[in-house]
Amino acid sequence: MEPETITAGLDGSTEGLAAALWAADEAHRRGAVLRLLHAWIMLAAQAPDTAPERDQNVFAREVVREATDAVRERHPQLSVIEDLVGDEPEPALLRASAESRLLVLGSRALTTWESFVLGDVSLFFLARAPGPLLFFV
C-alpha cells in the first residue's frame with residue numbers, strides 16, 4: 001500500500017511557507033509523503049542544462065526550493081515531492097486535492113480582519129475541493 005500524500009500549495013508568501021511547514025509536520029505524524037506544489041501559468045519549458053542566468057523559471061524554482069529547505073531542516077527524513085506545474089493555481093490545486101489525502105493552503109492576509117476573509121484562491125476551493133482542505137491562517 002502506497003503512503004498517502006499531503007499537498008501544500010505554495011505561492012511564495014510567508015503564509016504559504018508556514019502552511020507547508022504545518023503540512024510537513026502532519027505528513028511526518030502520518031508517515032505520509034509531502035508534495036510541495038507551485039503552479040505558475042508562465043512556467044516555461046527549458047532544457048535541464050539551462051544556465052541559471054537564462055532560467056525563466058527562477059522565481060518558481062526558488063519558491064519550491066525555499067519550502068523544501070525549510071521542511072528538510074525540520075524533518076530531514078520526510079519524503080518530499082517538488083512539483084512545479086505550468087497551469088493556473090485553481091485547476092492545478094484541484095487536481096492535487098483529488099490525488100491527496102489533505103490539501104493545505106496559506107492565507108495571504110495581513111490583518112485579523114483580512115485573515116477572516118479568505119483570499120480569492122481559498123474562496124475558489126471552499127465549494128470545489130474534492131477532498132479535505134485546511135486553510136492555514
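The values are calculated or read from the model by the stated rules, or taken from the named source; none is laboratory data. For clarity, every value in this text was computed on a predicted model and none was experimentally measured. When we count neighbours, we look across all protein chains shown, and the Cβ atoms used for this are built from the backbone with ideal geometry, even at glycine. Each accessible area value is taken on the protein alone, full model and side chains, heavy atoms only, with ligands, DNA and RNA left out. Shrake-Rupley method; radii C 1.70, N 1.55, O 1.52, S 1.80 Å.
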**Fill in**
Of the residues in region 86-101, those that are farther than 18 Å from TRP40 by Cβ, open to solvent by 40 Å² or more (accessible area, probe 1.4 Å) and not acidic (Asp, Glu) come to ALA98, ARG101
**Asked** Of the residues that sit in region 39-55 and are open to solvent by less than 60 Å² (accessible area, probe 1.4 Å) and of a type in the set (Gly, Ala, Ser), which one is modelled with the lowest pLDDT?
**Response** ALA47
**Prompt:** Can you name the residue in region 66-84 that is in contact with a helix residue (DSSP H, G or I) (Cβ under 8 Å, 6 or more places away or on another chain) and among the β-branched types (Val, Ile, Thr) and, of all such residues, is farthest from GLU99 (Cα to Cα)?
**Reply:** VAL71
**Request:** Being farther than 13 Å from LEU105 by Cα, open to solvent by 10 Å² or more (accessible area, probe 1.4 Å) and touching a residue at least 24 places away in the same chain (Cβ under 8 Å) is the filter here, so list the residues in region 5-38 that pass it.
**Result:** THR5, ASP25, GLU26, HIS28, ARG30, GLY31, VAL33
